């Protein structure tokens, strides 16, 4: 008896198919060549068909980016979880770097693409913020929910995000192959960065120095630039 043939996957709805086609166009020809006409041609539908779901090219691009952020946040949420928040933070960092390495096109669309004017119409900001909230949630487990630590949580989140973003850019960029780094160094680079970042987060911040304006208001000397 012959093996039963696998049933073909159901065709995508036009709205979703346009997203897939748009990413293919961007991957093959660059974001500057994305157009609804090219998406329609690739899908074999009339030139007007995509307009039923996307009023213009920017609206389509915003939806592509929004879905990238959705998948990114879902991937961060799917990381191996740990009861210890410091271990969970490390797991989050590893997940971030792995996603950037495995999905370079989506990563560039999220973090290296100017947001189109239609971004607010598709909720792009909400999905981008959700990805950042995953990091905030781990830091709240470390620092607590008290009002006086919320600013530190935001500052730590920016510090961590920028560190991971910079490392992802370097490790996935073309110049890394020309630096003459040994394989052993490259293998240790992520762990080294994570360890250094952990030391930075564990340290106490120095007391902030009062600004010139605050010193002047308190009656102290206020140096004017260029005047001794």
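Values quoted throughout were computed directly from the atomic coordinates according to the rules given, and no laboratory measurement underlies them. All values reported here derive from a predicted model rather than from experimental measurement. Every residue, glycine as well, gets a Cβ built from its backbone with ideal geometry; the counts of neighbours run over all protein chains shown.
Which whole-number percent of Cα pairs in the stretch 68-202 have a distance greater than 26 Å? Counting every Cα pair in the stretch 68-202, those more than 26 Å apart make up 27 percent. Here the alpha carbons of the stretch 1-122 define both size measures, Rg and Dmax, at 18.0, 58 Å. Here the ratio of the Cα radius of gyration of the stretch 12-54 to 2.2 N^0.38 Å is 1.01.
With contacts taken as Cα pairs under 8 Å and at least 6 residues apart, the stretch 12-54 reaches a relative contact order of 36 percent. Look at 68, 175 and count the other Cβ atoms within 10 Å of each Cβ; fewest to most, that gives 175, 68.
Here the relative contact order of the stretch 68-202, from alpha carbon pairs under 8 Å that lie six or more residues apart, stands at 31 percent. When the alpha carbon coordinates of the stretch 152-194 are projected onto the principal axes, the ranges are 38, 19, 10 Å, largest first.
Computed from label points 7 Å out along Cα-Cβ, the spacing between residue 32 and residue 15 is 3.3 nm. A Förster radius of 22 Å combined with the Cβ-Cβ distance from residue 162 to residue 114 puts the calculated FRET efficiency at roughly 0.70.
Each of residue 47 and residue 78 was given a label point 7 Å from its Cα along the Cα-to-Cβ line. The distance between the two points is 3.9 nm. Cα centroids of the stretch 110-140 and the stretch 49-94: 8 Å apart.
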